[in-house]
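First the structure, in the form of structure tokens, and then the observations on it.
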Ligand SMILES: [Zn+2]
């Protein structure tokens with residue numbers, strides 16, 4: 001069993017078995033990973049307070065077949081980001097984008113440093129990150145009418161939409177680009 005230490009952003013958590021949790025991280029040294037937190041659902045789990053979505057943490061991990069968290073410590077909760085409701089909701093959407101689009105265990109230092117930077121500056125341009133994953137807004141057209149003035153990205157089928165056509169899609173699945 002090997003032991004690793006890396007920095008990570010918490011992307012999301014979900015319950016696993018009776019008392020455990022699976023946590024999605026974007027890590028500096030391994031890219032996106034999913035790791036088990038044993039007893040992570042128990043109220044007194046010492047890890048729970050550190051594992052809020054969007055936290056920058058220092059992680060200690062062991063890897064057998066899968067990663068298991070053996071220690072976690074908050075480095076930055078990005079308090080400025082959490083104070084601004086608009087920025088916070090965009091940051092949560094960005095965490096979702098990373099969870100969906102970033103390939104597993106592919107190191108991407110550009111993505112890593114960009115994430116930290118936008119969480120610190122609290123300004124999030126979805127187009128910048130979608131471009132990293134191959135969806136460049138500057139080359140995009142509305143998937144419905146072909147308009148070059150795109151305004152949103154539809155998470156349902158990963159297409160761009162213009163300001164008129166986006167009204168036909170559920171707003172909960174749209175990322176506002178401009
Ligand atoms: Zn359109």
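None of the figures in this text is laboratory data; all of them are computed from the coordinates on show. All values reported here derive from a predicted model rather than from experimental measurement. Here the Cβ is made from the backbone with ideal geometry for all residues, glycine too, and neighbour counts use every protein chain on show.
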Q) Against the longest principal axis of the chain, how steep is helix 109-121, in degrees 0 to 90 to the nearest 10, with axes from Cα atoms? A) 80 degrees
Q. Calculated from DSSP H runs of 4 or more alone, at -39500 (n - 2.57) each and per residue, what is the 222 nm mean residue ellipticity of the chain, nearest 500?
A. -7000 deg cm²/dmol
Q: Give the relative contact order (percent, whole number) for the chain; include only Cα pairs under 8 Å separated by 6+ residues.
A: 17 percent
Q) In the P(r) worked out for region 135-178, what percent of Cα pairs fall beyond 14 Å? A) 31 percent
Q | region 1-91, relative contact order in percent, only Cα pairs under 8 angstrom and at least six apart counted | A | 27 percent
Q: Please work out the Cα center distance from region 73-91 to region 3-35, rounded to the nearest Å.
A: 19 Å
Q: For helix 85-101, report the angle its Cα long axis makes with the longest principal axis of the Cα atoms of the chain; keep it between 0 and 90° and round to the nearest 10°.
A: 80 degrees
(Q) I need to check one value: relative contact order of region 135-178, counting alpha carbon pairs closer than 8 Å and at least 6 residues apart, in percent. (A) 36 percent
Q: Provide the FRET efficiency to the nearest 0.05 for the residue 68-residue 123 pair, computing r from the beta carbons and using R0 = 22 Å.
A: 0.05
Q. Over its Cα atoms, what ratio of radius of gyration to 2.2 N^0.38 Å does the chain give?
A. 1.11
